[in-house]
Each structure stands twice: as C-alpha cells, then as structure tokens.
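The next block holds one structure in the form of structure tokens; read it before the comments.
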C-alpha cells in the first residue's frame with residue numbers, strides 16, 4: 001500500500017515503516033521557539049534538569065512577537081532568551097530580523113523531507129516546501145531541546161485538489177479563506193492536509209506559503225505540498241543541508257479527497273470573530289474600516305507589499321484609516337525599499353513598523369480602538385486578538401486590505417487592479 | 001497507573017474556544033507568573049470567570065476546545081485559576097498535548113446536554129465521568145499510552161526528568 005508524504009517522513013524519522021494511526025517517537029530535524037513561547041520553554045528546560053541541548057545547530061530562537069520590546073517585563077524575557085542562546089550556542093534571530101516562519105524557510109533552515117517542530121501554531125507553514133512541520137507547546141520544545149525527539153501520532157491525510165485557473169484579482173489568501181469556510185475551523189483536526197492540483201502548481205512559493213500557513217486554522221497538524229521545480233529553484237541558494245524531497249505514492253491512502261474548482265472564485269473575507277465565517281467581498285463591501293494591516297507570517301512577503309504598492313500608487317489612504325505594514329523580514333523590507341514600494345506606500349499615508357509580527361498578536365504597534373473595524377492580512381480574527389475585545393477583525397488578501405485602506409470601507413480589489 | 005478520582009463543579013462553554021480567549025496575548029507575553037495569568041482566564045468572553053472558579057472545577061465544552069495559538073500559558077493559566085480538567089467533544093491538538101503535558105486533565109467525551117454548576121466525579125483510571133446530581137455516566141475516549149505515562153508522572157517536566165527522553169511504553173497500565 002502506498003504512503004502519504006506524512007507517512008513517508010515519519011517512517012524515515014522513526015526508523016521503521018509506519019502508517020496513519022501509529023504512535024511514533026521520531027527524531028526532530030529542527031526545533032524553533034519565538035519570544036511568546038521560548039521563555040516558558042527555558043523555564044521547563046531548567047525544571048527538567050536540562051544541562052545541555054541535543055544539537056545547538058538544530059535549535060533556533062526568534063524574537064518577533066514583541067519586537068522591539070514594548071515593555072520592561074518583555075525586555076527581561078527577551079534577555080532570558082539571549083542568555084540561554086549564548087550559554088548553549090543556540091542561534092537567535094533578534095529584533096528586526098523578521099517573523100519566525102519566514103526566517104526558518106528563507107534562511108534555508110528547513111528543507112524538504114524534514115520533521116520540524118516549533119513552539120508556534122503556524123509552524124505548519126513549512127509544509128509548503130514539503131517538510132512535515134507542526135506547532136507544539138513550550139514544554140514539548142524543552143523536551144526536544146534536551147532529547148532531540150518527540151512522540152507523534154502519524155496523522156491521516158485529507159487531500160485537497162485545487163483545479164482550474166485563479167481569476168485576476170483573486171489570490172492564494174482568497175483560496176485558503178474560502179477553504180476555511182468550506183472545511184470549518186475543526187474540519188481537519190488531528191489530520192494532515194496535502195494540497196495539490198494545477199492552481200498550486202502555477203503558484204509562486206510566496207503564494208503557497210499563505211495556504212500552508214493557514215492549515216492550522218482548519219485544525220490541521222500539517223499543510224503539505226510536494227516539492228516541484230519551483231520549490232527546488234527557491235531552495236537553490238538557501239538550503240543549508242542536503243535533502244531528499246518526499247512525494248506521495250500514487251496509491252497512497254487518504255482519509256478523504258476534496259476537489260475545488262478555483263476558476264469562479266472571487267475575493268473572500270473572513271468575518272469577526274471566526275476564521276471560518278467567510279463571505280465573498282461583495283457581501284461585506286461598504287463595512288467602514290478604521291485600521292488596515294498588511295503583514296504577518298501569512299501575508300507579509302514581497303509579493304504582498306508589491307500588490308499593495310500597485311493599488312496605492314499615486315493615491316491617498318482614506319483619512320479615517322490607519323494603514324500599517326509590517327514586512328515579514330529585513331530582506332523583504334530591503335526589497336520593498338529597493339523596488340520603491342515603501343516610498344509609494346508611505347507617500348500614500350501608510351505606516352511601516354519593524355519587521356516582525358506587528359499588531360497581529362495584540363500587544364503593540366497598532367492596537368485598535370473601541371468599535372473599530374480592522375481589515376487584516378493575518379490568519380486569526382478572534383475577539384480581542386489585536387489587543388481590544390471591542391474591535392472587530394476582518395481577514396482578507398493584501399489586495400483587498402490595500403483597496404479597503406484606500407476606500408475607507410471593505411472593497412473589492414479588482415476595481416483597483418488594471 | 002492513574003488512580004485518581006476528581007470532583008468538581010462544571011463551567012460550560014460552546015464550540016471553538018480558542019487559546020486567545022483562554023488567555024489573551026495582552027497578558028501572556030508579559031510574564032511567566034501563572035497565578036497572575038490565572039486571574040485573566042476567559043476574560044474576553046466571560047469577564048467574571050476567574051472569580052467563579054473553585055479549586056478542582058471542570059470546564060465542559062463542545063468541539064475544538066483550545067484551537068488557535070500554541071501558547072502553553074493557556075492550560076497553565078487554567079490550572080493556576082483552579083481548573084482541574086476539561087471535558088470536550090473534541091480538542092485542538094496542540095492544546096490537548098499541552099494540557100496533558102502540564103498535568104491538566106483533558107478528556108474527549110460526549111458533553112451534549114451538560115450544564116453549568118453541576119457536580120461531577122471523574123474516575124481517571126476507568127475514564128468514567130459521573131454526574132453526581134443526575135447520576136448518569138459518560139465514558140471518555142482512552143488516551144494514547146504515552147499520554148497516560150506523562151499524566152502518571154504529573155506532566156512532561158517530571159517525565160523527562162525521570163526518563164531523559166520519550167519512551168514508547170513505560171507503564172504496563174492501559175485502559
């Protein structure tokens with residue numbers, strides 16, 4: 001019987017052939033922690049009596065969630081991470097480097113076929129390059145830092161095939177929002193998803209990352225895509241380790257297969273306060289907006305900033321809207337500067353904040369006011385997510401967010417894209 | 001071998017209670033003091049929640065409890081606030097693992113029709129939940145062996161302290 005990508009990766013990492021449902025103890029290739037979860041992992045490491053890490057080159061710390069620090073207490077937690085990293089030889093990406101998931105991939109720290117854990121739920125993003133990567137808690141990160149291993153239940157896999165051709169002005173974010181609406185916030189719980197089909201094949205890597213990133217929003221443990229020539233080209237000057245791409249067998253056993261035709265898809269928006277309450281943009285057009293946010297591990301990449309610049313060129317952000325942009329990394333920020341996108345957006349009234357998670361996590365850099373509607377390129381719109389439980393968050397593509405920032409209300413970006 | 005009988009009152013919630021609701025990012029990034037975080041548990045959806053909990057109480061929820069962020073502060077703050085266990089139709093997987101790793105009991109069972117303020121007795125050895133007022137009994141889905149081993153040690157910290165790494169099977173107990 002054939003195997004899925006997940007079954008193959010776990011068979012390699014557990015050292016014996018396994019299939020969905022098996023409980024395995026597997027060797028982890030990379031372990032990542034960010035500043036919201038690592039301080040607790042360090043405490044657990046100490047409580048476990050940890051004296052050394054299994055392999056310092058396979059552990060990465062990233063300060064992105066509260067960067068730069070908005071509070072003295074946060075600065076102390078950041079210093080705790082820096083001290084630990086120095087003491088054990090762990091690589092730390094400090095304030096300004098960017099969002100953890102962008103860095104793990106763009107810096108070539110993750111390669112196809114890897115088994116990766118991260119103390120952040122959106123660790124599933126690396127599925128887009130064919131790595132099995134999933135989120136864990138702080139104490140599990142500590143256990144992996146000590147032992148290099150973790151237990152897993154090999155998941156069943158749902159196959160999602162995306163057919164057709166994506167229309168102009170409709171983006172990978174619209175697809176994953178639409179899928180969240182169709183599959184539901186718990187539709188893939190305990191399971192992996194394998195995305196495939198001509199729509200995925202035609203996507204550039206940045207666009208694929210958006211889809212795998214949000215796999216956890218339908219409950220999935222991983223959101224995988226088989227590597228292709230674009231994956232290999234993207235990895236060419238990045239990968240720091242040799243790797244073996246993993247592909248699903250043609251006769252692999254799937255829990256289910258769901259096929260979607262993207263040819264008729266329109267821009268979609270997730271309504272407050274659920275990722276799976278999704279509507280076509282026209283049905284929520286004219287909702288007034290007070291804040292627009294472009295950034296995050298979902299949509300803070302070069303293509304995302306570029307589309308916003310295209311929409312804003314020569315225009316002015318609506319006076320009632322604060323349009324905040326957080327590039328997902330320093331490299332992306334530099335690209336946006338070099339290409340002139342930053343100048344275009346800032347001239348239009350946009351506000352750039354430091355590369356990192358920005359206002360997505362609700363602690364700084366754009367906490368909304370009471371009764372504000374916010375439109376964001378993030379992956380979550382839970383009540384209170386951005387720091388004020390009296391605000392309402394709508395999720396959309398970078399194009400829809402930029403169009404809405406201009407209009408002062410939720411707007412269909414297709415009107416602005418020539 | 002888990003030989004624990006737990007007793008407490010229920011606090012009911014619906015579907016998809018996410019970890020931002022359990023403990024908001026506004027608080028969790030600032031401190032590792034779980035007693036402080038415990039005061040703000042569920043604040044965005046039930047501002048008085050922390051004051052209503054008596055030590056040993058249970059949360060009863062429907063499906064996908066603990067979805068969203070991987071923050072382990074969620075189960076730890078629930079424990080600090082006095083919650084001893086969660087009964088839900090289903091859990092988001094990261095929360096489920098985090099709960100067991102912290103020693104917070106998490107049982108998957110049919111919570112249909114359960115109400116707040118009811119006294120329950122949970123027999124962890126048998127996976128049985130008894131409504132002490134109504135008398136009806138629910139059976140929880142069994143936990144994977146490794147989770148039973150981790151719970152038996154009182155959580156993942158104690159487990160790793162003892163074994164140094166993950167072991168396929170420690171105890172011979174099974175249910």
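Can you sort A:24, A:111 by how many other beta carbons sit within 10 Å, fewest first? Intermediate results must be reported in sequence, preceding the final value.
Working: A:24 19, A:111 24.
With the fewest neighbours first, A:24, A:111 line up as A:24, A:111.
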With each pseudo-label sitting 7 Å past Cα toward Cβ, what's the residue B:36-residue A:257 distance in nm, one decimal? 5.4 nm
Once residue A:233 and residue A:414 are pulled to full extension, the length gained, defined as 0.36 nm per residue separation minus their Cα-Cα distance, is 62.1 nm
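Rank-order A:255-262, B:127-134, A:200-207 by packing density, defined as the average count of other C-beta atoms within 10 Å over each peptide's residues, highest first. Could you put the intermediate results ahead of the total?
Details: A:255-262: 14.4, B:127-134: 15.9, A:200-207: 17.9.
Ranking, from highest mean packing down: A:200-207, B:127-134, A:255-262.
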Under the rule rounded for a/c under 1.5, else prolate if a/b exceeds b/c, else oblate, using alpha carbon gyration tensor axes a ≥ b ≥ c, the stretch B:1-125 is classed as rounded
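How shielded is B:142-148 by partner chains, expressed as the average number of their Cβ atoms within 10 Å of its Cβ atoms? If you can, show how the numbers build up before the last one.
Working: counts 0, 0, 3, 2, 5, 2, 0.
Shielding by partners across B:142-148 averages 2.
Quick one: length gained pulling residue B:123 to residue B:163 fully straight, 0.36 nm per residue minus the C-alpha distance?
Values: separation 40, 0.36 × 40 = 14.40 nm, distance 2.67 nm.
Fully extending the segment from residue B:123 to residue B:163 adds 11.7 nm.
Give the shape of the stretch A:223-344 as rounded, prolate or oblate, defined through the alpha-carbon gyration tensor: a ≥ b ≥ c are the square roots of its eigenvalues, a/c under 1.5 means rounded, and otherwise the shape is prolate if a/b is larger than b/c and oblate if not.
On the way: a/c = 2.68, a/b = 1.31, b/c = 2.05.
The shape class here is oblate.
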Efficiency by 1/(1 + (r/R0)^6): what FRET value for residue B:115 and residue A:310, r their Cβ-Cβ distance, R0 = 56 Å, to the nearest 0.05? 0.55
Taking A:298, A:165 and counting other beta carbon atoms within 10 angstrom, the fewest-first order is A:165, A:298
State the dimensionless ratio Rg/Rh of the stretch A:270-418 (Rg: radius of gyration of Cα atoms; Rh: Kirkwood radius). 0.93
Cβ-based exposure ranking for B:12, A:357, in which fewest neighbours within 10 Å come first: B:12, A:357
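Tell me, in nm to one decimal, what length is gained between residue A:165 and residue A:338 on full extension, where the rule is 0.36 nm per residue of separation less the Cα-Cα distance? Mind showing how you got there, number by number?
Numbers: separation 173, 0.36 × 173 = 62.28 nm, distance 3.15 nm.
Extra length available between residue A:165 and residue A:338 comes to 59.1 nm.
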Theoretical FRET efficiency, 1/(1+(r/R0)^6), r = Cβ-Cβ of residue A:16 and residue B:48, R0 35 Å, to 0.05: 0.10
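Shape of the stretch A:53-131 from its Cα gyration tensor (a ≥ b ≥ c, root eigenvalues): rounded if a/c is under 1.5, otherwise prolate when a/b > b/c, or oblate? Numbers along the way, then the final one.
Working: a/c = 2.45, a/b = 1.52, b/c = 1.61.
Judged from the Cα gyration tensor, the stretch A:53-131 comes out oblate (a/c at least 1.5, b/c at or above a/b).
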Find the percent of Cα-Cα distances in the protein assembly as shown that exceed 35 Å, and round it to a whole number. 34 percent
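Only bridges with both residues in the stretch A:272-415 count here: give the DSSP antiparallel percent, nearest 5. Walk me through the numbers before you get to the answer.
Details: 1 of 15 bridges.
Counting DSSP beta bridges with both partners in the stretch A:272-415, the antiparallel share is about 5 percent.
Suppose we keep just the DSSP beta bridges with both residues in chain A; what percent of those would be antiparallel, to 5?
Details: 11 of 55 bridges.
In chain A, approximately 20 percent of DSSP beta bridges are antiparallel ones.
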Surface/4 of the Cα convex hull for the stretch A:351-404, nm²: 3.6 nm²
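No value in this document is a laboratory result; all are computed from the given coordinates. Bear in mind that the values here come from a model prediction, so they are computed numbers and not experimental data. No Cβ is skipped: glycine too gets one built from the backbone with ideal geometry, and neighbour counts run over all protein chains shown.
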